[in-house]
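Notes to accompany the following structure.
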Amino acid sequence: MGRGWGGGRGGAVQDVPVAAVVEEVRISSVAPPNLTPPQTYQAAADLWARQTPDDPVADLVVTGRPVTWSSSNGAVFTVSAGGLVTAAGAGTATLTVSAEGTSTTQTIVVTVPQSPPLSVGISPAGPLDLAVGQSQVLVALVYDGAGQTGNVLTGQTVNWTTSNGVNVSVTDNGGDPSHQATITALVTSTGTTITATVP
């Protein structure tokens, strides 16, 4: 005879037939709001069964039965056979535990802090030849490596300036997350420099 602990019967210890069929799997552990690689989280699950076929609900916890853990995306997190979740990369993925034909899931969120910005580039790189009144959209590319190398970062604040506001105007496109700005030629001139900087 296996042993079970009643979830709906005042917590009394009760005998559960060895052949009792698991009808529900519940993840009993609470996942953290987010994980950061290589943080881990130990997941746990309870298996629930009816003491007899006539019981209206599956209110007994069954122990000693194997469960299977899986991750919907190993690039976000991995999970061991014992339910140890290890954060791997940024994203959201689903943790699944199954046993005897039934399963349940839990959402795992992994965040990866961005590296600080080290350099900024402008696309198109230029030089640009604009007629008076003509405009051009520029995009600032923010990198986490020096000399415009490494990963392109998003969500950075970019400040746009011009070396001569009489010749060329530059307008930040309302804090556009893609780091865009519009420059407009005001007079015929050469040599005006547009600069994008990250505070």
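What is the chain by shape, rounded, prolate or oblate, if you read a ≥ b ≥ c off the alpha carbon gyration tensor as root eigenvalues and call it rounded for a/c under 1.5, prolate for a/b larger than b/c, and oblate otherwise? Mind dumping the intermediate values first?
Details: a/c = 5.41, a/b = 4.16, b/c = 1.30.
In terms of gyration-tensor shape, prolate.
Shape class for the stretch 36-141: prolate, because the ratio a/c of the largest to smallest gyration tensor axis (alpha-carbon atoms, square roots of eigenvalues) is 1.5 or more and a/b beats b/c. A Gaussian network model of the chain, with springs between Cα atoms under 10 Å, assigns the largest mean-square fluctuation among Thr94, Thr184, Thr86 to Thr184.
Compute the length gained on full extension between Thr149 and Ser70: take 0.36 nm times their separation in residues and subtract their Cα-Cα distance, giving the result in nm to one decimal.
Values: separation 79, 0.36 × 79 = 28.44 nm, distance 3.64 nm.
Computed gain between Thr149 and Ser70 is 24.8 nm.
Could you look at the stretch 65-142 and say what percent of its accessible area is carbon and sulfur, using a 1.4 Å probe and all protein chains?
Working: 2190 of 4010 Å².
Carbon and sulfur: 55 percent of the exposed surface of the stretch 65-142.
Once the chain from Val57 to Thr193 is taken as fully extended at 0.36 nm per residue, the excess over their C-alpha distance is 41.6 nm.
Here the chain is assigned +1 on the Cβ of each Lys and Arg and -1 on the Cβ of each Asp and Glu. Its dipole about the Cα centre then comes out at about 260 debye.
What does the charge count near Ile194 come to, summing +1 for each Lys or Arg and -1 for each Asp or Glu among other residues with Cβ under 15 Å from its Cβ?
Local charge sum for Ile194: -2.
Each Lys or Arg adds one and each Asp or Glu takes one away; over the other residues whose Cβ falls under 11 Å from the Cβ of Asp46, this sums to +1. 3J(HN,Hα) along the stretch 23-32, derived from phi through the Karplus expression 6.51 cos²θ - 1.76 cosθ + 1.60 where θ = phi - 60°, amounts to 10, 8, 10, 10, 7, 8, 8, 9, 6, x Hz, with x in place of Gly and Pro. Obtain the nm distance between the two label points defined at Val21 and Gln106 by a simple spin-label model: each point lies 7 Å from its Cα along the Cα-to-C-beta direction. About 2.7 nm separates the two model spin labels. Computed over protein heavy atoms with a 1.4 Å probe, the accessible surface of the stretch 81-199 works out to 54 Å² per residue.
The values are calculated or read from the model by the stated rules, or taken from the named source; none is laboratory data. Only a predicted model underlies this, so the values are computations on that prediction, with no experimental measurement involved. Positions of Cβ are generated from backbone atoms using ideal geometry, with glycine treated the same way; all protein chains shown enter the neighbour counts. For the accessible areas, the whole protein counts, side chains as well, though only heavy atoms, and no ligand, DNA or RNA atoms are used. Shrake-Rupley method; radii C 1.70, N 1.55, O 1.52, S 1.80 Å.
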